[in-house]
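Here is the structure we will look at, set down as structure tokens.
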Amino acid sequence: MDVALAERRLVEVAALERPAKAKRMLVIVNPYATTMTVRLRHLVVYALQGRYEVEAIETERRGHAIELVTAAVGEAFDVVVAFGGDGTVNEAANGLAGSSTPLTVLPGGSNNVFCKMLGIPNDVVDATEHLLRLADRWEPRAVDLGCVNGRFFTFAAGVGLDASVVERVDAHPALKARYGAWYYASAAVGVFLRRYVVRPPRLEISVDGGEPLRGVSVFFQNGEPYTYFKSRPVNLVEGARLDSGDLAGVMLTRARPYDVPTVTFRALSGAARIARHRGIAALAGVRSATIRSADGRPVPVQVDGDHMSDETVAELSVSPGALRVVS
């Protein structure tokens, strides 16, 4: 990024006349996000001060954003900005769930899925300009949140393979920052060959109280897409929307060596939905589900691209309209 050019662009937009009664804004900054620098943080906050009453706080540890946002709900902020990656957004959403205070996003991570889903530019300078202009057309709206074992998620959750991949990627942040989507892809192949070909986990899922399905991994979306491979959207399900009042998912029913490459090709190419793959069971209109380890082994669980924990039981649900957003 050309910082000098970015600064000129932001100063020009920030020079717009400040509203007589500017909205109060809390910016939650993750200083460890992939694309974050001290200069960038100061530059963005300076620009936002042209149109808002801004307070910026940096997170210090995992889970800190939830604490900061929960405390802010009672302090009459008009909006909370999650300035970081998808993990920061997830924590902010968990702090705001059920409140009237809306959330918006500034991209600071490697993928920024929820940011893109809301239609906010993925370039931080463009996104800042977008947020500055929102002050003149303030239209908060409600979106759904998924929930797994008490933790809300904004766009996706998984039990099994993808959570195992996320766990491995999270353990190597330098490689994640350097190689991005390519590191995720290589980690997926490695995890599948080591953990899923010889002795894959056995899962059972009961959707809305129905008869259980059996498989090795399950993924759910609160909206589309599931994630991005660089700029290419990766969709695993059909019919998922942020305001549908339900979730959509797919279950990988087997772990044969040729299944994952063919499923991956379908997901990345966009030519055919993976729900039509023979090794996939589609799950539509899901309001609640229980996922159990059929062999007693704890299985990784991820929310919004962050490994949460290893569990033998995962309870899934959806909370319609639980989060207000501005985009």
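Among what's in region 60-104 and is under 14 Å from residue 305 (Cβ atoms) and of a type outside the set (Gly, Ala, Ser), pick the residue that is surrounded by the most Cβ atoms within 10 Å (Cβ to Cβ).
Checked region 60-104; the qualifying residue surrounded by the most Cβ atoms within 10 Å (Cβ to Cβ) is 89.
List the strands (runs of 3 or more DSSP E) that sit entirely inside region 99-169 and contain at least 3 residues that are under 23 Å from residue 315 (Cβ atoms) and of a type outside the set (Val, Ile, Thr). Can you show your working first?
Values: elements: 103-107, 141-148, 151-153, 156-159.
Answer list for region 99-169: 141-148, 151-153, 156-159.
Answer yes if at least one residue in region 167-176 is modelled with pLDDT of 70 or more and either outside the structural domain of residue 289 (by TED's automatic domain parsing) or over 29 Å from residue 66 (Cα atoms) (or both), and no otherwise.
no
When region 60-84 is examined, which residues are found to be among the charged types (D, E, K, R) and within 22 Å of the chain's Cα centre (by Cα)?
Answer for region 60-84, where residues must be among the charged types (D, E, K, R) and within 22 Å of the chain's Cα centre (by Cα): 60, 61, 62, 67.
Here is a list of conditions, (1) on the phi < 0 side of the Ramachandran plot; (2) at pLDDT 95 or above, and residue 162 meets all of them except one; can you say which number that is?
(2)
Is it true that some residue in region 285-306 is surrounded by 19 or more Cβ atoms within 10 Å (Cβ to Cβ), in the same structural domain as residue 231 (by TED's automatic domain parsing) and at pLDDT below 65?
no
Any residue that is in contact with a Phe, Trp or Tyr (Cβ under 7 Å, 6 or more places away or on another chain) and touching a residue at least 24 places away in the same chain (Cβ under 8 Å) - is there at least one of those in region 96-103?
yes
Please indicate, with yes or no, whether at least one residue in region 37-59 is assigned to a loop (DSSP other than H, G, I, E, B), surrounded by fewer than 16 Cβ atoms within 10 Å (Cβ to Cβ) and under 18 Å from the mean Cα position of the chain (by Cα).
No, that holds for no residue.
So which residues in region 288-306 are in contact with a strand residue (DSSP E or B) (Cβ under 6 Å, 6 or more places away or on another chain) and not aliphatic (A, V, I, L, M)?
Scanning region 288-306 gives 288, 290, 292, 293, 298, 300, 302, 304.
Looking at region 276-327 only, could you name the residues that are part of a loop (DSSP other than H, G, I, E, B) and among the polar types (S, T, N, Q)?
312, 327 - these are the residues of region 276-327 that are part of a loop (DSSP other than H, G, I, E, B) and among the polar types (S, T, N, Q).
So for region 142-163 (the condition being free of Cβ contacts under 8 Å to residues at least 60 places away in the same chain, over 16 Å from the mean Cα position of the chain (by Cα) and buried (at least 21 other Cβ atoms within 10 Å of the Cβ)), does at least one residue qualify?
no
May I ask you to verify whether residue 27 is modelled with pLDDT of 70 or more, in a helix (DSSP H, G or I), in contact with a strand residue (DSSP E or B) (Cβ under 8 Å, 6 or more places away or on another chain) and β-branched (Val, Ile, Thr)?
Spelling it out, it is not the case that residue 27 is modelled with pLDDT of 70 or more, in a helix (DSSP H, G or I), in contact with a strand residue (DSSP E or B) (Cβ under 8 Å, 6 or more places away or on another chain) and β-branched (Val, Ile, Thr).
Scan region 156-165 and tell me whether some residue there is assigned by TED's automatic domain parsing to the domain that holds residue 218, more than 26 Å from residue 50 (Cα to Cα) and out of contact with any strand residue (DSSP E or B) (no Cβ under 7 Å at 6 or more places or on another chain).
yes
The values are calculated or read from the model by the stated rules, or taken from the named source; none is laboratory data. All figures in this text were calculated on a predicted structure; none of them were measured in a lab. Heads up, the Cβs are rebuilt from the backbone with ideal geometry, glycines too, and the neighbour counts pull from every protein chain shown.
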